[in-house]
1. Leaving out ligands, DNA and RNA, what percent of the accessible area of segment 151-208 is carbon and sulfur, probe 1.4 Å?
2. What Kirkwood hydrodynamic radius, in Å, does the chain give when the mean of 1/r is taken over all pairs of distinct Cα atoms and then inverted?
3. Please report the equivalent ellipsoid semi-axes of segment 139-281, computed as sqrt(5 x eigenvalue) of the Cα gyration tensor, largest first, in whole Å.
4. Does anyone have the angle between helix 2-20 and the longest principal axis of the chain? Alpha-carbon axes, 0 to 90°, nearest 10?
5. Taking every pair of Cα atoms in segment 40-162, average 1/r, invert it to obtain the Kirkwood radius, and report Rg/Rh to two decimals.
6. Segment 214-281: percent of C-alpha pairs farther apart than 19 Å?
7. Going Cα to Cα from K184, which lysines come in below 23 Å? Please leave out same-chain ones fewer than 8 positions away.
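The values are calculated or read from the model by the stated rules, or taken from the named source; none is laboratory data. Since the model is a prediction, treat every value here as computed from it, not as a measurement. Please note that ligands, DNA and RNA were not included when accessible areas were found on the heavy atoms of the full protein model with its side chains. Shrake-Rupley method; radii C 1.70, N 1.55, O 1.52, S 1.80 Å.
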Amino acid sequence: MVRKIAVALLSVQMMSAMVSAVAFSADGARFEVGPYASKIVYEEPGYMKDSGSMYGINASASWRGRYLSMFDSFRIDALAGRGSVDYTSVSSGSMPAVDDTMIEARALFGREFPRRGELQYSSYTGFGYRRLTDNSGGRSTTAGKAGYDRESQYLYMPVGLEAASKSGSGWSFDGRIEYDIFLKGIQKSALSQTSSATYTRTDITNDQYEGYGIKVSARFSRPVSGSASVAFEPFFRYWNIGVSRVDYSRETDANGHSSAESYVEPANHSTEYGLNAMLAF
């Protein structure tokens, strides 16, 4: 944990220095935008499972130039998606077609290595933010358990390696593998939505500090007109997150008697795979 904090602080200092040094000479910008579709599975082993589909849009903007002597590119990635997942649990029944939404934003600094044959290698790092919202409030499971809204936020530091083939008039290939250093997770559970005429509950927030992510993708692109090109990118994303810190919900019955009940977010993992279709210009 101490090492992760030190790495994050060092990265913040480096990026602040680069932005304030006025040592950047832009070589132009490139933009990408397009839809994506994916299958996603979230599981808390022994407790519950969500599985379903997500659809949305990706967008990115990248600039080539020079940031001091360390980086020669900067990229901003953004993602917004929505989907429907089916909830199943051994103890609390099931709930079909739960509405989920996701947003993700990343700021990345890259550096190219000398070209080797037909391949251009580069590395990158930066910061990322991911938010997944599960909207179960106001619904009940097949076992009669009240649902509630959940919001999952991740702060992380991506470290990745890319390999790109030489662009030409035909198809070109780009591959990417990334390891995500998990900095912090914030899990908000609206337990107050499960209150009834006989008792009330307060919401909870569980902090997470252990985990990691992995992303792998392969892009196939082809020029279509001038500087524009189309690309198709199958991808795989994986998160493995440890058990959270404890938080307490104040539960009060109809007679005014209250107690503090402890809750944790169990260890969990999620898998997502899908396809991006992008127009670059």
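1. On the way: 1530 of 2640 Å².
Summing carbon and sulfur atoms, their accessible area is 58 percent of the total for segment 151-208.
2. Values: mean 1/r = 0.0475 Å⁻¹.
For the chain, the Kirkwood estimate is 21.0 Å.
3. Values: eigenvalues 428, 60, 23 Å².
Ellipsoid semi-axes (Å, largest first): 46, 17, 11.
4. Value to nearest ten degrees: 50.
5. Details: Rg = 19.8 Å, Rh = 17.1 Å.
Checking Rg against Rh, the ratio lands at 1.16.
6. Values: 1445 of 2278 pairs.
For segment 214-281, the fraction of Cα-Cα distances above 19 Å is 63 percent.
7. K4, K49, K215
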